[in-house]
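Data first, discussion second: the structure below is written as structure tokens.
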Amino acid sequence: IVDGLEKGGQLTLTTIVENIPGFPQGIDGNEFVNNCRAQAEKFGTRFITDNVVKVEKEDNHFKVHLANGDLIETIAIIISSGASARWLNIESEKEFKGKGVSTCATCDGFFYKGKDVIIVGGGDSACEEAHYLSKLCNKVNIIVRKDKMRASHIMRERVEKINNINILYNSKIEEILGDNTGVTGVKLINNQNNETSNIDVHGVFLAIGHVPNTKFVEGLVDLDEHGFVKTNRDLSTNVKGIWAAGDVQDPKYKQAITAAGTGCQAALEAQKYIESKE
């Protein structure tokens, strides 16, 4: 397994995973990932800490190029590279990235203990981050672009009950304000009346979705208009010998348990394929 330089993916950033069977009290995301890794290693799996930069098809096998220059040759590949956080793509965001702007509340939340922060997003991820930050921060403002959240009812209800969480609908960030010390506030614009307002905050956390990590297979396998790998029911791609599993091919469900299920399917199909070549 080439598991990248940032091990474990999105689960390592989740405080409590509650939808994995067998854990009635939930389990810490990082702990769960470490357990999965230990179990895989027990059965002989070798982990390579590096990034794949390119995959080439050559006759009846593939060449996998790593960032460190190494080359791996194989007859079967399962793409399970997941997805990465989406950014706002405004100029001021670049200026304060890492200086008050973050995509990971569990990574950076501690730095804003007792301070006011903003979370951008209206889905389950935004609610998860808001719930976590509410235990650390003085006040948490959730900025929702539409007139309602798209989060599940359970997650929405959870954050609505927390006293220091405030939800602002029909709003978006026009500019992130700050100085040489970092973020000092944000300029918001109302989507309905175009009125602007400023809020004083020290941290801006983004939870606005993810972009599939498929750059290294562009031009090799078919991707949809958003960059997700197109797969058949058996998780195979348009290229024989390549399968895809997890969030890299799933723009809809994006759950740990569905990712694990597709991983199992892809592994069984790859095993059959390899055995047919022996």
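Tell me, yes or no, whether the range 28-37 has at least one residue that is among the acidic types (Asp, Glu), surrounded by 15 or more Cβ atoms within 10 Å (Cβ to Cβ) and within 30 Å of VAL120 (Cα to Cα). Within the range 28-37 (the criterion being among the acidic types (Asp, Glu), surrounded by 15 or more Cβ atoms within 10 Å (Cβ to Cβ) and within 30 Å of VAL120 (Cα to Cα)), the answer is yes, since at least one residue qualifies.
Going by the conditions given, is GLY123 under 20 Å from SER171 (Cβ atoms), crowded, with 22+ Cβ neighbours inside 10 Å and not assigned by TED's automatic domain parsing to the domain that holds PHE228? Spelling it out, it is not the case that GLY123 is under 20 Å from SER171 (Cβ atoms), crowded, with 22+ Cβ neighbours inside 10 Å and not assigned by TED's automatic domain parsing to the domain that holds PHE228. Scan the range 28-38 and give yes if some residue there is at positive phi and part of a loop (DSSP other than H, G, I, E, B), otherwise no. No, there is no match, as no residue in the range 28-38 is at positive phi and part of a loop (DSSP other than H, G, I, E, B). Is the range 42-53 home to any residue that is in a strand (DSSP E or B) and buried (at least 16 other Cβ atoms within 10 Å of the Cβ)? Yes, the range 42-53 contains a residue that is in a strand (DSSP E or B) and buried (at least 16 other Cβ atoms within 10 Å of the Cβ).
Candidates are the residues of the range 66-85 that are over 21 Å from ALA245 (Cβ atoms) and not polar (S, T, N, Q); the one that is surrounded by the most Cβ atoms within 10 Å (Cβ to Cβ) is ALA67.
Looking at the range 192-207 only, could you name the residues that are in a loop (DSSP other than H, G, I, E, B) and either of a type in the set (Ser, Thr, Tyr) or surrounded by fewer than 20 Cβ atoms within 10 Å (Cβ to Cβ) (or both)?
So the first thing to find is which residues in the range 192-207 are in a loop (DSSP other than H, G, I, E, B), and the list is 192-195, 201-202, 207.
Scanning the range 192-207 gives GLN192, ASN193, ASN194, GLU195.
Could you tell me whether the range 229-246 includes any residue that is in a helix (DSSP H, G or I), touching a residue at least 24 places away in the same chain (Cβ under 8 Å) and under 20 Å from the mean Cα position of the chain (by Cα)? Within the range 229-246, one or more residues are in a helix (DSSP H, G or I), touching a residue at least 24 places away in the same chain (Cβ under 8 Å) and under 20 Å from the mean Cα position of the chain (by Cα). Looking only at the range 57-108, how many residues end up being within 20 Å of ALA266 (Cα to Cα) and among the acidic types (Asp, Glu)? Residues in the range 57-108 being within 20 Å of ALA266 (Cα to Cα) and among the acidic types (Asp, Glu): 1 in total. State whether the residues of the range 14-27 include one that is surrounded by fewer than 14 Cβ atoms within 10 Å (Cβ to Cβ), assigned to a helix (DSSP H, G or I) and either modelled with pLDDT of 95 or more or not aromatic (Phe, Trp, Tyr) (or both). Within the range 14-27, not a single residue is surrounded by fewer than 14 Cβ atoms within 10 Å (Cβ to Cβ), assigned to a helix (DSSP H, G or I) and either modelled with pLDDT of 95 or more or not aromatic (Phe, Trp, Tyr) (or both).
Exactly one residue out of PHE62, PHE96 is among the hydrophobic types (A, V, I, L, M, F, W, C), within 30 Å of LYS146 (Cβ to Cβ) and either touching a residue at least 60 places away in the same chain (Cβ under 8 Å) or surrounded by 17 or more Cβ atoms within 10 Å (Cβ to Cβ) (or both), and it is PHE96. One residue stands out among those in the range 138-163 that are more than 23 Å from the chain's Cα centre (by Cα) and part of a loop (DSSP other than H, G, I, E, B): the one that is nearest to GLY123 (Cα to Cα), which is ASP147.
Apart from one condition, LYS57 fits all of (1) in the same structural domain as VAL117 (by TED's automatic domain parsing); (2) surrounded by 12 or more Cβ atoms within 10 Å (Cβ to Cβ); the exception is (1). Do you know which residues across the range 112-149 are touching a Leu at 6+ places or on another chain (Cβ under 8 Å), without any contact (Cβ under 8 Å) to a residue 60 or more places away in the chain and within 23 Å of LEU11 (Cβ to Cβ)? VAL140, ILE142 - these are the residues of the range 112-149 that are touching a Leu at 6+ places or on another chain (Cβ under 8 Å), without any contact (Cβ under 8 Å) to a residue 60 or more places away in the chain and within 23 Å of LEU11 (Cβ to Cβ). Any chance the range 171-191 includes a residue that's touching a residue at least 40 places away in the same chain (Cβ under 8 Å), surrounded by fewer than 18 Cβ atoms within 10 Å (Cβ to Cβ) and assigned to a loop (DSSP other than H, G, I, E, B)? For the range 171-191, residues touching a residue at least 40 places away in the same chain (Cβ under 8 Å), surrounded by fewer than 18 Cβ atoms within 10 Å (Cβ to Cβ) and assigned to a loop (DSSP other than H, G, I, E, B): present.
The values are calculated or read from the model by the stated rules, or taken from the named source; none is laboratory data. All values derive from a computational prediction rather than experimental measurement. Neighbour counts run over all protein chains shown; Cβ positions are idealised from the backbone, glycine included.
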